[in-house]
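A short worksheet on the structure shown next.
Nothing in this text is a laboratory measurement; each read-out follows from the coordinates by a stated rule. Just so we're clear, the structure is a prediction, and the values are computed from it rather than from any experiment. When we count neighbours, we look across all protein chains shown, and the Cβ atoms used for this are built from the backbone with ideal geometry, even at glycine.
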C-alpha cells in the first residue's frame, strides 16, 4: 500500500521528464537519475573519497577490521529479523547467536568471534525481504547521496535506517559521529570496487545500474536466482517494442 | 636493483615453466580454477614490483597464467547478444581483441586490490559427463559476508574454458550487454570497436576521465 502511494507520487513528480526514445524499461527515470548520479559523483570525489582514503591511510587495517566488525554487529540484529520475516528461521537464529557472542565475548562486537565458531555473516535487509515476499524491484532509482536503488529497495532502505539501532544513540552528536565513522568505513571498503568500476565501464552509470540490479536480484534469492529468460529473447522483446513503428 | 629485477623474472619464469606442463585436458574444472588462482596469488605475493604497483607486469602475468583458460570469443559473443550475428568476421575479431584487453585491465585492477584474503574453493557439483559447469569460489574477509565468485566453464577440445565470471551474483558478460547494445544502437559495431579502443588506450595507470555523456 505504502509502495503504491509512493509510486504514484513518484510518477506524478517525474512524469515531466519521461519522453526520450530508447529508454531502458527498467529505468524509466534515466535523465533524472543521471542528474542525481552526477551530483553524487561530485560529492563522492570532493568529499567522501578523500575522507575514505585518508582514513585508510591513517588507520591501520587491524583497527579498521574492529570498526567494520563493530558496525557489522549492530547490523546483525536486524539481519536476523529479516531472515525471520523471510521464514529462514535457522539463519535468523544464527544471526542472533552472532549478536549474542560478538557483543559479549567479542567485546561489543569489535571481534567477530561468531564467524570462527561457524556462524556465518549474512546479507539481508528490508528490500530483500520485500523481494522475497514477491515484490519486484520497480523502477531503478538513484537516491541523493545514497546512490543506486530502486523503488522496492528505496522503501526498504527507509525502514532499514528507521529501525537501525544507531538511531537510539543519545546524545545526538555522538549518534551523528557514529554514522559518520560508519559511512567512512563503508566508503573505504568500497574504494577498490569503485576503482575497478572506473576501469571496467564504458558508461559508468549504465554499468553500475546493471550491476546493482543483478546484485540485488541475486541477494533476494540468496545467491541462487532462478534462471532468467534467455537474454536474447528478453532483449529481443524489448527491442521489438521500440522498433515496430518503423 | 637491476640484479634483483632480473632475479625476480628468472624466478617467475621458473615457476611458470614448472606449472605449465600440466595437461589441460586431464584437469577437472574446479581443480583448474584452484591451481590457477593459488598460482597467481602466490606469484603476486612474491613479486615486489607488482606489489609496488607495476601494472604492466601484472598484465603480463595475467596474460601468461590466466588468459589461456578463457574463451574470449564466447564471452564477446555473449556480451554482444543479437548484435554478434550481424557483425562481419573482421568486426568479430576486432571486438574480441578489444574486449579481451578491457577485461584484462579490469582483472588487473581487481588483482591489484587483493590483500591476503583467503579462498574457499567449493566442491564441484556436476556429473563427470557434464560439459558446462559452474565452479564456485568464495573470497573470505573478516567482518563481511564472503564474496562468491562463480566461473561458468565449458569443456572444449583444448580443456576447460571460462566463458563468464559472476562476482557477488553479477555476471560480467551480462553486465556489458546493455552498455554494448547502447553503443551499437547509436553508432554501430564499428562505433563500439572505436569506443572500446579509446577506453583501452586511456592509459594503464591513470583511469580514464569520466566521459561526458551527451
**Peptides ranked, highest mean first, by Cβ atoms within 10 Å: ranges A:189-198, B:58-67** = B:58-67, A:189-198
**Asked** Which FRET efficiency value, to the nearest 0.05, is calculated for residue B:31 and residue B:147 with the Förster distance at 25 angstrom and r the Cβ-Cβ distance?
**Response** 0.70
**Item:** Cut-off 17 Å (backbone N to label point 7 Å along Cα→Cβ of residue A:133), residues of segment A:80-114
**Value:** A:80-89
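Which percent, to the nearest 5, of DSSP beta bridges fully inside segment B:3-202 are antiparallel?
95 percent
Taking neighbour counts of Cβ atoms within 10 Å as a proxy for exposure, in what order, fewest first, do A:111, A:173 appear?
In increasing order of surrounding Cβ atoms, one gets A:173, A:111.
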**Message:** What's the ranking of B:79-90, A:148-159 by average number of surrounding C-beta atoms within 10 Å, highest first?
**Reply:** A:148-159, B:79-90
**Asked** What's the average, rounded to a whole number, of partner chain beta-carbon atoms within 10 Å of each residue's beta-carbon in A:222-228?
**Response** 2
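Rounded if a/c is under 1.5, else prolate if a/b beats b/c, else oblate: with a ≥ b ≥ c from the C-alpha gyration tensor eigenvalues square-rooted, which is segment A:27-220?
oblate
Calculate the FRET efficiency for residue B:38 and residue B:90 from the Cβ-Cβ distance with a Förster distance of 45 Å, rounded to the nearest 0.05.
With R0 = 45 Å, the Cβ-Cβ based efficiency is 0.70.
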**Prompt:** How well do other chains shield peptide B:159-167, expressed as the mean number of their Cβ atoms within 10 Å of each residue Cβ?
**Reply:** 1
**Fill in**
By the mean-Cβ-within-10 Å protection proxy, highest first, A:66-74, A:81-89, B:96-104, A:41-49 rank as A:66-74, B:96-104, A:81-89, A:41-49
**Request:** Within 10 Å of each Cβ in peptide B:180-190, how many partner chain Cβ atoms are there on average? Round it to a whole number, please.
**Result:** 2
**Prompt:** Say each of residue B:48 and residue A:174 gets a label point 7 Å from the Cα, pointing the same way as Cα to Cβ; how far apart are those two points in nm?
**Reply:** 4.9 nm
**Complete:** Length gained, residue A:62-residue A:41, 0.36 nm per residue minus C-alpha separation, equals 4.6 nm
